[in-house]
1. Could you look through the stretch 47-70, keep only residues that are of a type in the set (D, E, K, R) and without any contact (Cβ under 8 Å) to a residue 40 or more places away in the chain, and pick out the one that is farthest from residue 14 (Cα to Cα)?
2. So, residue 66, is that one outside any helix (DSSP H, G or I), exposed (fewer than 14 other Cβ atoms within 10 Å of the Cβ) and of a type in the set (Asp, Glu) or not?
3. Collect the residues in the stretch 22-46 that are surrounded by 16 or more Cβ atoms within 10 Å (Cβ to Cβ) and either of a type in the set (Asp, Glu) or in contact (Cβ under 8 Å) with a residue 24 or more places away in the chain (or both), keeping them in residue-number order.
4. Can you name the residue in the stretch 4-35 that is over 11 Å from residue 48 (Cα atoms) and of a type in the set (Val, Ile, Thr) and is also modelled with the highest pLDDT among such residues?
5. So for the stretch 41-57 (the condition being modelled with pLDDT of 95 or more, more than 18 Å from residue 16 (Cβ to Cβ) and outside any helix (DSSP H, G or I)), does at least one residue qualify?
Amino acid sequence: MMITFGCIREEDITLEQRMHQLTNQLMCPVCDAQTIDGSNAQISQDMRAKVQELLQEGKSNSEIKDYFVL
């Protein structure tokens, strides 16, 4: 049996997994301490759609986070 530890590379996970990772890290701008994954606010829905669009364009997790932060 082989057990590995460490970080999982972005290219080793599915787009769906990356979507879940990112939406659990990005905070809803109008909600109190809630991520866009857990919010039903319209802005969170729009942000989730944009994350999905950027993932499909081949953007990295860092590029997607920068899109929302910068």
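1. 66
2. The answer is no for residue 66.
3. 22, 23, 26, 37
4. 30
5. Scanning the stretch 41-57 turns up at least one residue that is modelled with pLDDT of 95 or more, more than 18 Å from residue 16 (Cβ to Cβ) and outside any helix (DSSP H, G or I).
The values are calculated or read from the model by the stated rules, or taken from the named source; none is laboratory data. It should be emphasised that the depicted structure is a prediction, and the values quoted were computed from it without experimental measurement. Quick reminder, even Gly has a Cβ in these numbers, built from the backbone with ideal geometry, and neighbours come from all protein chains shown.
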